[in-house]
Amino acid sequence: MLVNKPLQEKKINRTITVVSIVVPVVVALLFGVKLPNVEPLSFLPPIYASINGLTAILLVLALWAIKKKKTNLHRRIMTSCIALSLLFLAMYIAYHMTSESTSYGGEGFLRYIYFFILISHILLSIIVIPMVLITYARAYLGKYESHRKLAKITFPVWLYVAITGVVVYIMISPYYV
C-alpha cells in the first residue's frame, strides 16, 4: 500500500496541534473537578513522581543509545518515555480529581525557589507537549535531519520537566496530608 507522505504529515501535524491545545485545557478544567464520594487517591503522588524520575533516566539512556547508533533501542526507549508521560498524566489527573491540592508550607528563600521550579515546570510541561510530538513525528516520517535538529531543543526541555517534577514532589511531600 502506498502512503501519501504529505497527506500523512498534514494529518499528523493537525493531530499534534489538537492534542497540544486540548491536553492542557482539559487538564486545567479537570483540575477543578472533584469526584464526589470517591476515596482520595493520595497514594499516587510518589508513584507519578517516580514515573517522572524514570522518564528522566530513560531520556538520558535514549540519548546514549542514539549516540551509539542503536536506533532501534533509541526508538523503543523514546516510545516508552511517551507512554510513561501518558501514564503520569492519567495519574496526575486522577489524583487531582479525588484529592485536594496540597499547598507548599515552606518559608523564606526556599519558598521562592519552590515556586520558581513549580511555575517553570508547569509552563515547560505545556510547551514540551508539541515539541515531543513533533520531534517524534519527524522520526516516524523519516525526516531524520529535522528530527535531530528539533531533538537538540526538545531533549533538554523534556529532561528539565521530568527532573523538576521529581524536585517539586520532594519539596512538597512533607506537606501532604
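The values are calculated or read from the model by the stated rules, or taken from the named source; none is laboratory data. None of the values given here were measured: they were computed from a predicted structure. Cβ placement follows ideal geometry from the backbone for every residue including glycine, while neighbour counts extend to all protein chains displayed.
Please go through the stretch 122-143 and pick out each residue that is modelled with pLDDT of 95 or more and of a type in the set (Phe, Trp, Tyr).
136
So, in the stretch 92-121, of the ones that are modelled with pLDDT of 95 or more and crowded, with 16+ Cβ neighbours inside 10 Å, which residue ends up farthest from residue 165 (Cα to Cα)?
Filtering first and then ranking leaves 114.
Identify the single condition in (1) of a type in the set (A, V, I, L, M); (2) more than 19 Å from the chain's Cα centre (by Cα); (3) under 30 Å from residue 13 (Cα atoms) that residue 94 does not satisfy, given that it satisfies every other one.
Going through (1) of a type in the set (A, V, I, L, M); (2) more than 19 Å from the chain's Cα centre (by Cα); (3) under 30 Å from residue 13 (Cα atoms) one by one, residue 94 breaks only (2).
Of 16, 77, 51, 12, which residue is surrounded by 16 or more Cβ atoms within 10 Å (Cβ to Cβ), of a type in the set (Val, Ile, Thr), touching a residue at least 12 places away in the same chain (Cβ under 8 Å) and within 15 Å of residue 151 (Cβ to Cβ)? Can you show your working first?
On the way: 16 fails: within 15 Å of residue 151 (Cβ to Cβ); 51 fails: within 15 Å of residue 151 (Cβ to Cβ); 12 fails: within 15 Å of residue 151 (Cβ to Cβ).
Step by step, each of 16, 77, 51, 12 is checked, and only 77 is surrounded by 16 or more Cβ atoms within 10 Å (Cβ to Cβ), of a type in the set (Val, Ile, Thr), touching a residue at least 12 places away in the same chain (Cβ under 8 Å) and within 15 Å of residue 151 (Cβ to Cβ).
Scan the stretch 151-177 for residues that are within 13 Å of residue 128 (Cα to Cα), among the β-branched types (Val, Ile, Thr) and surrounded by fewer than 13 Cβ atoms within 10 Å (Cβ to Cβ) and jot them down. Even if it seems obvious, please write down each step before you answer.
Step one: list which residues in the stretch 151-177 are within 13 Å of residue 128 (Cα to Cα), which gives 151-162.
Restricting the remaining residues to those that are among the β-branched types (Val, Ile, Thr) gives 153-154, 157, 161.
If the condition is that a residue be within 13 Å of residue 128 (Cα to Cα), among the β-branched types (Val, Ile, Thr) and surrounded by fewer than 13 Cβ atoms within 10 Å (Cβ to Cβ), then 153 is the only one that fits.
State whether the residues of the stretch 7-23 include one that is assigned to a loop (DSSP other than H, G, I, E, B), over 16 Å from the mean Cα position of the chain (by Cα), of a type in the set (Ser, Thr, Tyr) and under 20 Å from residue 87 (Cα atoms). Steps first, please.
At the first step, the residues of the stretch 7-23 found to be assigned to a loop (DSSP other than H, G, I, E, B) are none.
No.
Of the residues 122, 134, 170, 153, which single one is β-branched (Val, Ile, Thr) and under 23 Å from residue 29 (Cβ atoms)?
On the way: 134 fails: under 23 Å from residue 29 (Cβ atoms); 170 fails: under 23 Å from residue 29 (Cβ atoms); 153 fails: under 23 Å from residue 29 (Cβ atoms).
Step by step, each of 122, 134, 170, 153 is checked, and only 122 is β-branched (Val, Ile, Thr) and under 23 Å from residue 29 (Cβ atoms).
Quick one: which of 49, 65, 90, 83 is in contact with a Gly (Cβ under 7 Å, 6 or more places away or on another chain), of a type in the set (A, V, I, L, M) and part of a helix (DSSP H, G or I)? Give the steps one after another, and end with the answer.
Values: 65 fails: in contact with a Gly (Cβ under 7 Å, 6 or more places away or on another chain); 90 fails: in contact with a Gly (Cβ under 7 Å, 6 or more places away or on another chain); 83 fails: in contact with a Gly (Cβ under 7 Å, 6 or more places away or on another chain).
From the options 49, 65, 90, 83, the qualifying one is 49.
Look at the stretch 97-124 and say how many of its residues are under 13 Å from residue 168 (Cα atoms), among the small types (Gly, Ala, Ser) and either free of Cβ contacts under 8 Å to residues at least 40 places away in the same chain or in a helix (DSSP H, G or I) (or both).
Here is the first cut: in the stretch 97-124, the ones under 13 Å from residue 168 (Cα atoms) are 102-106, 110-122.
Adding the requirement that they be among the small types (Gly, Ala, Ser) leaves 103, 105-106, 120.
Subset that is either free of Cβ contacts under 8 Å to residues at least 40 places away in the same chain or in a helix (DSSP H, G or I) (or both): 120.
Selection size over the stretch 97-124: 1.
Residue 29 passes all but one of (1) within 20 Å of the chain's Cα centre (by Cα); (2) surrounded by 17 or more Cβ atoms within 10 Å (Cβ to Cβ); which number fails?
The number of the failed condition is (2).
Exactly one of these conditions fails for residue 157: (1) in contact with a Lys or Arg (Cβ under 9 Å, 6 or more places away or on another chain); (2) in a helix (DSSP H, G or I). Give me its number.
Failing condition for residue 157: (1).
How many of the residues in the stretch 127-150 are crowded, with 17+ Cβ neighbours inside 10 Å, under 17 Å from the mean Cα position of the chain (by Cα) and either in contact (Cβ under 8 Å) with a residue 24 or more places away in the chain or not in a helix (DSSP H, G or I) (or both)?
Qualifying residue count, the stretch 127-150: 9.
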